Amino acid sequence: GIPSGATIQTVNGTTSITLSANATASGLQTLSASTPANVVPFQGDFDGDGKTDLAYYQLSNATWYFYDSKSQTASSFALGTPNASVPVVGYFDANAPEEAAVYTDVNGQGVWMIASAITGLHAVTLPFPVQAADIPVPGDYDGVGYDELAIYRPTTGQYLVDDNGRTETINILGIGVGTPDLSSLVPVPGNYDPHLNTAVPPAWIENTEAAVYDPNTGAYTILGPNGVDPVPSGFRKGDIPAPADYLGNGSTQPAVFRPSTGQFIGAGGVIIATLGQSSDIPLAAPYSYRVPGFQPAGQTGTGTTGTGSTGTGTTGTGSTGTGT
């Protein structure tokens, strides 16, 4: 029933589709409908036209794929090491469109390869040693007008920022080693509290603020300009963090996607939109949620027989104790 020449924009992943075509007795007709494996979806204004473009990074071949909203064409290029590099996007150059990059742990050194629109492809190494669990979180933490290179360290609950070759450490709520459930926290940096620049009024300072989300409680912890902001309410265990500028006012709003209802929900339980289904992952979610096969911590699964009072990984219900 699809007209000849039509383009299928999206396919519901839970619904099967059947492709058919006529072939002569001696001829061959090939049909395919597939999605690459190990793909991580992204969004960003990569062509600088003020519109969000869609993109994905294929981990198995370390390749970026883009669809340009301005030219309506697709492009791709290889960047990084297959199954080792972590794809990242950001405004790494002032007065430039959003750019693609990769972060790679090379023997304890954090190496960034940035496809700069101004200086071309170049590598930058962080001025401090990195750990295997570190997560890249670029952002404009110091109001410099572009995204600085930074990582979030789950083992300590700290943000480490490359401030022009100097290591800047940002502590969230004084969280440190030994804090309960520290390993479950997910970094969700954003411009939650833009404030006026008194030196050049009425210009707004749009600093990136360090923040974390706890999947076990649905709580955001945001380090604002005057200290830790009040924890937004209305979120709960199993929600997927999806902070973004839903109001169009230049600031980031704490929000979640609730798989059980297919809703985007803001602070106080305000429904932003009803969109998607339980198996969907929002593009505004942190990187770890968009990795293929990842199941967010805090979601309940069906477990096998448990081996003790505490399981490891995603919580499930076992016949004895807690399953894994």
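The values are calculated or read from the model by the stated rules, or taken from the named source; none is laboratory data. Here the structure is a predicted model, which means the values were calculated and not measured. Cβ atoms come from the backbone with ideal geometry, glycine included; neighbour counts cover every protein chain shown. In case anyone asks, the SASA skips ligands and DNA or RNA and just uses the protein heavy atoms, side chains included. Shrake-Rupley method; radii C 1.70, N 1.55, O 1.52, S 1.80 Å.
List of remarks:
- The label-point distance for Tyr65 and Ala133, in a model that sets each label 7 Å from Cα toward Cβ, rounds to 3.3 nm.
- Computed extension gain for Asp280 through Asn226, at 0.36 nm per residue and net of the alpha carbon distance, reaches 15.9 nm.
- The listed peptides 141-148, 77-84, 273-280, ordered by packing as a protection proxy, come out as 141-148, 77-84, 273-280 (highest mean of other Cβ atoms within 10 Å first).
- Accessible area in the full protein assembly, largest first, 1.4 Å probe, for Ser260, Ser184: Ser260, Ser184
- Bins of 5 Å from zero: percent of alpha-carbon pairs in segment 75-166: 3, 14, 26, 27, 19, 9, 3, 0
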